[in-house]
């Protein structure tokens, strides 16, 4: 893969993640005014800061990726690419949580 091919590949994957973010994000937040609401609400219920709730979600996907790397296959019906996209998106969500803290 050339450098340009990789850049194009990244763009395509980023577009896929934006679609995921627009659909899953709205569904999970269950709040039109606060896209990070689910992390905050679960955090309140468990006595955790939203970032720690997010980390729990990230770890679930990382464990799935680790399992894939060890086995060479996925054991569920979700392709490994979906798990990788989710981990990347959670990092963007973490950035948004940190930006909210900085702004408040």
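Values in this text are rule-based calculations from the coordinates and carry no lab data. Just so it is clear, the model here is predicted, and its values are computed rather than measured. Note that each Cβ is placed from the backbone with ideal geometry, even for glycine, and that neighbours are counted across all protein chains shown.
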Rounded to the nearest 500, what is the chain's calculated 222 nm mean residue ellipticity when only DSSP H runs of at least 4 contribute -39500 (n - 2.57) each, over all residues? -27500 deg cm²/dmol
Put a dot 7 Å past each Cα toward the Cβ at residue 98 and residue 75; how far apart are the dots in nm? 3.3
For the chain, find the longest principal axis of its Cα atoms and tell me its angle to the long axis of helix 80-103, 0 to 90°, nearest 10. 30
Taking all pairs of distinct alpha-carbon atoms in the chain, Kirkwood radius in angstrom: 15.2
First check a/c for the stretch 17-77, with a ≥ b ≥ c the square roots of the eigenvalues of its C-alpha gyration tensor; if it is under 1.5, answer rounded, and if not, answer prolate when a/b is larger than b/c or oblate otherwise. oblate
Find the relative contact order for the chain and round it to a whole percent, using C-alpha pairs within less than 8 Å whose residues are 6+ positions apart. 21
